[in-house]
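Beneath this line is the structure, given in structure tokens, with notes to follow.
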Amino acid sequence: MTPAGDPADAPAIDALVLDFYAAFNNRGGRAVSVDRLRSLFLPEAVIVRTGAAGLETMTVDTFIAPRARMLSDGTLTDFHEWETAASTRVLRDIACRHSIYAKSGQHQGEPYGGSGAKLMQLTRAEQGWRIAAIAWEDD
């Protein structure tokens, strides 16, 4: 589904989501930019992971901190996530992105991979589109 409204919304939202997934890429020794990742979110954004262990609700910082650590301390190497399918719906200055993704890399030296789904709620802020909330579930 193509976003409705301003024709600039689709590429701006696609770029935001691409930046989000790219933030988790440490292939080739890339460093994780915590500040860049944080800038994609509203400061008050909420992140929720659901799964067999139940619900885990996080702030932007409690979401970023352990991932940045694993991507920089050698726990996860040659790692990246990427979107494999998506649909976006824009209603004025709010949008919802349904995203299917895959991930691959090495976890403590062993092959690691998987896939899942993310639902992102986005809003148009003064700085452009930002993430207001994410709910996700790994397969």
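Tabulated data
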read-out	value
Accessible area of the stretch 1-79 divided out per residue, in Å², using a probe of 1.4 angstrom	56 Å²
Prolate/oblate/rounded label for the stretch 1-131 (Cα gyration tensor, a/c 1.5)	prolate
Accessible area of the chain belonging to carbon and sulfur atoms, whole % at 1.4 Å probe	54 percent
Residue-count net charge about Ser115 - beta-carbon cut-off 12 Å; Lys, Arg +1, Asp, Glu -1	-3
Where the stretch 89-128 is the region considered: accessible area per residue in Å², 1.4 Å probe	60 Å²
Simple label model, 7 Å out from Cα along Cβ direction - Ala53 to Ser104, nm	2.6 nm
Gain upon complete extension [Trp136, Leu119; 0.36 nm per residue less C-alpha separation]	5.5 nm
Phi to ³J(HN,Hα) by Karplus 6.51 cos²θ - 1.76 cosθ + 1.60 over the stretch 119-128, Hz, x for Gly, Pro	10, 10, 9, 10, 9, 7, 10, 4, 8, x
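The values are calculated or read from the model by the stated rules, or taken from the named source; none is laboratory data. Note that the structure is predicted; figures quoted are calculated from it, not measured. For neighbour counting, all protein chains shown are included, and Cβ atoms are generated from backbone atoms with ideal geometry for every residue, glycine included. To get the accessible areas, we keep the full protein, side chains included, count just its heavy atoms, and leave off ligands, DNA and RNA. Shrake-Rupley method; radii C 1.70, N 1.55, O 1.52, S 1.80 Å.
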